[in-house]
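Peer 1: Structure provided below as structure tokens; questions to follow.
Since every read-out is calculated from the coordinates, none of them should be taken as a lab result. Fair warning: this is a prediction, and the values are worked out from it, not measured in the lab. With ideal geometry, Cβ positions are generated from the backbone for all residues, glycine too; neighbour counts draw on all protein chains shown.
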Amino acid sequence: MSNPLEDMEKPDVYFCIGTNMTECHPVAATRIKRGLANGGRLIVADPRKIQLAEIADLYLPLKVGTDVALLLAMAHVIDRDGLVNEEFVAERTEGIQELRQHLKEFTPSWASAICQVPAEDIEKAAHWYGEAEKAAIYYTLGITEHICGVDNVQSLSNLALLTGHIGKEGTGINPMRGQNNIQGAGDVGALPNNYPGFQPVDDPKNQAKFEAAWGTPVSLERGITKVTALDQCGDRIRAMIIGGENTVVTDPDRDHCEHALKSLDHLVVIDLFMTETAVLADVVLPASSWGETDGVCTNTERRVQRLRAAVPPPGDAKPDWWIISELGKRLGFSGFDYESAKDVFNELCSLSPIYAGLDWDRIDQGEYQWPVPNKEHTGTPILHIDEFPSGKGKLKIVNLRDPAEVISESYPVWLTTGRRLESYHSRTQTGRSFGIDYLLPQETLEIHPDDVEKWGLTDGKLCRMTSARGSVEIVVEANKRSPRGTVFCSFSFNETPVNILTGSGYDPITQTAELKVCPVRLEIIEER
């Protein structure tokens, strides 16, 4: 997030797109509710009429996969109607003339025909956002889990740069992280293209720095993503370690994923429980949980926090850092002689410019948000106040692209997937709670009541849902949250393996799967 969580109470206008925040980030979402109670206005763009849409001042029910059309049209209106912050654009950005020429053809009426949002509502959204003194963008996986995920994010960046709603209190571009330490994982280099601190691996200066620090040669070549790794299982990749992820349930194209993992000579899984992925492993190493571990978590607002073990780990369970260090040492690698999580974190601070002013003792109270470049620095709650890391903000030329697969005679229905309030991710933890089972005993397929009747289905009964990759059986739930022609379910239940269906394409830059758009057909299942 470019701005801290406390800023969520301060915007005059909120633009929430592709985020079911009240279910997926319910604690943070309370801040927006307080902001609305204090007079803020809320714009929500989402295919489904989620709870956030129900409390919105302006709801934009766009068709799945058409975010770029909506955002191009909003940028068109902002430029056309004199809402561009000319001073900010001149001083802080580059590419404005090219973008202005590009935007001329993307009118609200053009976008309306594509995203199925009334043109007047697109104009209203652009004016509210552009005219506000303080406006903030919030988004999550509904923006990124598309083959055009990068295009979507760059389109949002264009809006913020055109209006100058960045680098100030109550503004910014704020991606809400999907799990508690996803931000921290990226910070420490759990990415194929960056060393810790987002230092590119293809920069020779960084190569020399980390070779000296780690005492071993490192390559200038970028690593591969998980998508490529699964494609290479059984061929170039013969062994794999999976830590803290239930890949079989959460990844797209489940049949391909299972086949890839089964083709390995050796699979190791590090996890708290015997997950569906762990069942496939040759060796399962039991990890300790957050309440059994000393460590560090960096949350969605870049706040660096100490974790403290409240109880000892059960049985043979060990912290992840210890397991990985022992594997490194026993494989003969140097640089894994850590004695504690403190050693690991202090090494990170010595190598990462954004953590350079921190150490294990300084984060004792959790008051710092990176970047903290030196020991005298007090942290950076708001990013980009004076400048951007690359100098000037880059306005990008973005074009509309269709999803990897579109509806057809064979697959005439749009499926979009997501999460539910009561269950967490693949239910590795929440699925073991009887209380949660009472609230959410099974997965259901949300279908508009008109479509239930039209397709001859029955509320509360099974139907068969099929994509180009396979079929699942799922219980019908008639409600009006999803529009006609679009159905929704979560991927959380292994008993309803929805990700058998998904996996039609990936963003060419990030290789993020298009989990939000999947053409399917629905069929009646006769009573058994």
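Peer 1: Amide H neighbours of Leu445 under 5 Å, at least 5 residues apart or on other chains, H built in the peptide plane: list them.
Peer 2: Val475, Val476, Glu477
Peer 1: Once Rh is set to the Kirkwood radius over Cα pairs, what Stokes-Einstein translational diffusion coefficient, in µm²/s, holds for the range 5-176 at a temperature of 4 °C and a viscosity of 1.567 mPa s? Write down the numbers at each step before the final one.
Peer 2: Numbers: Rh = 15.8 Å.
In µm²/s, the coefficient rounds to 82.
Peer 1: What residues have an amide H closer than 5 Å to that of Gly418, excluding those fewer than 5 places away on the same chain, when H is modeled at 1.01 Å from N in the peptide plane?
Peer 2: Placed amide hydrogens put Cys489, Ser490, Phe491 under 5 Å from Gly418.
Peer 1: Where nothing but the Cβ of Lys and Arg (+1) and of Asp and Glu (-1) is charged, how large is the charge dipole of the range 413-524 around its Cα centre, in debye to the nearest 20? If you can, show how the numbers build up before the last one.
Peer 2: Working: 13 positive and 14 negative charges, 31 e Å.
Roughly 160 debye, rounded to the nearest 20.
Peer 1: Divide by every residue of the chain the summed helix terms, -39500 (n - 2.57) for each DSSP H run of at least 4, and state the resulting mean residue ellipticity at 222 nm, rounded to the nearest 500 deg cm²/dmol. Walk me through the numbers before you get to the answer.
Peer 2: Working: 19 runs with 159 residues, N = 528.
Using -39500 (n - 2.57) per qualifying helix, the result is -8000 deg cm²/dmol.
Peer 1: What list of ³J(HN,Hα) couplings, whole Hz, do you get for the range 408-421 from phi and the Karplus terms 6.51, -1.76, 1.60, once you set θ to phi - 60° and write x for glycine and proline?
Peer 2: Karplus-based 3J(HN,Hα) across the range 408-421 equals 8, 4, 6, 10, x, 10, 7, 9, 10, 10, x, 10, 10, 4 Hz.
Peer 1: Express the relative contact order of the chain as a whole percentage, based on alpha carbon pairs under 8 Å and six or more residues apart in sequence. Please list the in-between numbers first.
Peer 2: Details: 1069 pairs, mean separation 86.8, N = 528.
It comes to 16 percent, rounded to a whole number.
Peer 1: Then there's this: Starting at the first residue of the range 290-303, write each ³J(HN,Hα) from the Karplus equation 6.51 cos²θ - 1.76 cosθ + 1.60 with θ = phi - 60°, in whole Hz, x for Gly and Pro.
Peer 2: 4, x, 10, 9, 8, x, 9, 10, 10, 8, 4, 9, 6, 8
Peer 1: Quick check for the range 5-176: number of Lys pairs with alpha-carbon distance under 13 Å, counting only pairs 8 or more apart or on different chains?
Peer 2: Values: Lys10/Lys33; Lys10/Lys134; Lys10/Lys168; Lys49/Lys63; Lys134/Lys168.
Summing the qualifying lysine pairs gives 5.
Peer 1: Compute the relative contact order of the range 413-524 as a whole-number percentage, counting only Cα pairs closer than 8 Å that sit 6 or more residues apart in sequence. Let's see the in-between values first.
Peer 2: Working: 223 pairs, mean separation 42.5, N = 112.
Once normalised by length, the contact order is 38 percent.
Peer 1: Only counting other Cβ atoms within 10 Å, I'd like Ser504, Ser350, Ser492 sorted with the fewest neighbours first.
Peer 2: Ser350, Ser504, Ser492
Peer 1: Quick one: what are the phi-derived ³J(HN,Hα) couplings along the range 432-445, Karplus 6.51/-1.76/1.60 with θ = phi - 60°, whole Hz, x for glycine and proline?
Peer 2: Ordered by residue, 3J(HN,Hα) equals 9, 10, 5, x, 5, 4, 5, 6, 9, x, 7, 7, 10, 10 Hz.
Peer 1: Enumerate the amide H contacts of Leu285 below 5 Å, restricted to partners 5 or more residues apart or on another chain; note that Pro and chain-start residues carry no placed amide H.
Peer 2: Under 5 Å from the amide H of Leu285: Val269, Ile270, Asp271.
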